[in-house]
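Shown next, in C-alpha cells, is the structure this report addresses.
Please treat every number below as a calculation from the coordinates, not as lab data. Please read these numbers as outputs of a predicted model, since none were measured by experiment. Cβ coordinates were reconstructed from backbone atoms using ideal geometry, including for glycine residues, and neighbour counts include every protein chain displayed.
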Amino acid sequence: MKPRKDKQFRYRVKEYLHFGKAERNAILIVVFLTIILAFIPRIHARFMKPEPVSDPAFSREAEAFLAMRQEDEPKKQSFDYNRPDHSALSARFSPFPFDPNTLDAAGWQQLGFSSRQAAAVVRYRDNGAVFRKKEDLKKLFVVDDDIYEILEPYVQIKAGETAMPANGNNETIPKTRPVDESRLVELNSADSAGLTRVRGIGPAFARRIVRYREKLGGFSGPDQLGEVYGMDSSRLVLIKQGVFADSDLVQKLNINTAGMQELRDHPYIDYYIAKAIIDRRIRKGPFSSPSQLKEIPLIYEELFEKLNPYIAVE
C-alpha cells in the first residue's frame, strides 16, 4: 500500500506544476518585459541625451551677474574689515576749531555729542582733568578712536591753559592736585575692603574691580579701571587720584604653552585671536619674543600695547 500512495503523491505534484502552452507563453512574456524594463534607463541615458536649451534672455542675465561679481571682487580684496564705515559717524559730528579745556557743554553738543555726554566731559574737567595734548582727548569715554580721528584736526590746545568750571565764573581749576602718596591704594594687592577706602569706590564697584582684575591678571596701570563695567570718565578721574598699580604683580600668560581656552579667558583675546596665536605657534614654532605677536594681522599696534604687559614667552 505504501508504494501506491507515493506514486499518487508524485502524480499530484507533477500535475500541480504542469503548465499548459498558454501558461508557458505568458511566463516568457513576463520575463521578457521584466528584462526590457530593467534596461530601459540605461538605454535612455545612452541614446537619449538632453539637448541644451537656448534662452538668450537667461544667458544675458547670467553674463551680467558674472560681470558684476568680477567688478566687486577687487573691492572685497581692498576692503578693511577691521575698520568700520565712518560715513554715518561723520554725518553725526560737525567739528569746528575748539579747545577742550575751555569748551562749555553747549559747545560739546554743537560738536555732535549728546547733552548727557557733554555733561560728563564737563564733570571730567571739573574734577581737575586738563588736556595738555590732542591725544588726551582719547581719555574721554565718549571719544573712541573713530571719533578722535574726526575731531583731531580741529583740536587747538593753548599752552598754559587751565580748565574752566562749568558754571562759567572766572575761577580756574588747578592743573594738578597734591596727592598724599602714602595713602594711595595698590590695585593689584588690595582686597574689596581696601578698595572701598578710595573715594569713588563703593562695595559693589570694588567687587567688580576685583572680578575684572582676576580675569585680566592684574592692572598694569590705573587707566585700565576704565574698562570695568559701569565706570564713567568723571568717576575714573576721581578714583585715579587715590590708586596706583604695581605692574610687577601682573600675572603673565605664556603664549607658547597656553591652550585655546586659557587664551580666550583673557579679556583682550577673543576666539579668532586665540586661534591665530595657536596656528602661528604650530606653523613657525614657539614665540621667542612678545613682539612676534604683531606678525598676526588681527593684532594691531594698539592691541599689542595692551597685551604686552601680560605676555610671556618662557
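Observations on the structure shown:
- When the trypsin sites (Lys or Arg not before Pro) in the range 188-250 are filtered for DSSP coil states and for at most 15 other beta-carbon atoms within 10 Å of their beta-carbon, the remaining sites are 197, 199.
- Inter-label distance for residue 115 and residue 61, nm, one decimal - labels placed 7 Å from Cα along Cα-to-Cβ: 5.4 nm
- Relative contact order %, the range 171-314, counting alpha carbon pairs below 8 Å whose residues are six or more apart: 23 percent
- Under 13 Å, Cβ to Cβ, from residue 148 - net charge with Lys/Arg +1 and Asp/Glu -1: -4
- Cα-based convex hull, the range 87-154, per residue volume (Å³, whole number): 79 Å³
- Mean separation of Cα contacts under 8 Å, 6 or more apart, over the residue count of the range 87-154: relative contact order %: 35 percent
- Taken about its Cα centre, the range 87-154 carries a charge dipole of about 200 debye when Lys and Arg each add +1 at the Cβ and Asp and Glu each add -1 at the Cβ.
- Three-way shape label, the range 213-314, alpha-carbon gyration tensor, a/c 1.5: prolate
- Other residues within the sphere of radius under 13 Å centred on the Cβ of residue 269, judged by their own Cβ, net out at +1 (K and R +1, D and E -1).
- Extended-chain gain in nm, criterion 0.36 nm per residue less alpha-carbon gap, residue 244 and residue 280: 9.4 nm
- The alpha carbon gyration tensor of the range 181-249 gives principal lengths a ≥ b ≥ c with a/c below 1.5, which makes the shape rounded.
- Anisotropy class of the range 253-312 from Cα gyration tensor, a/c 1.5 cut: rounded
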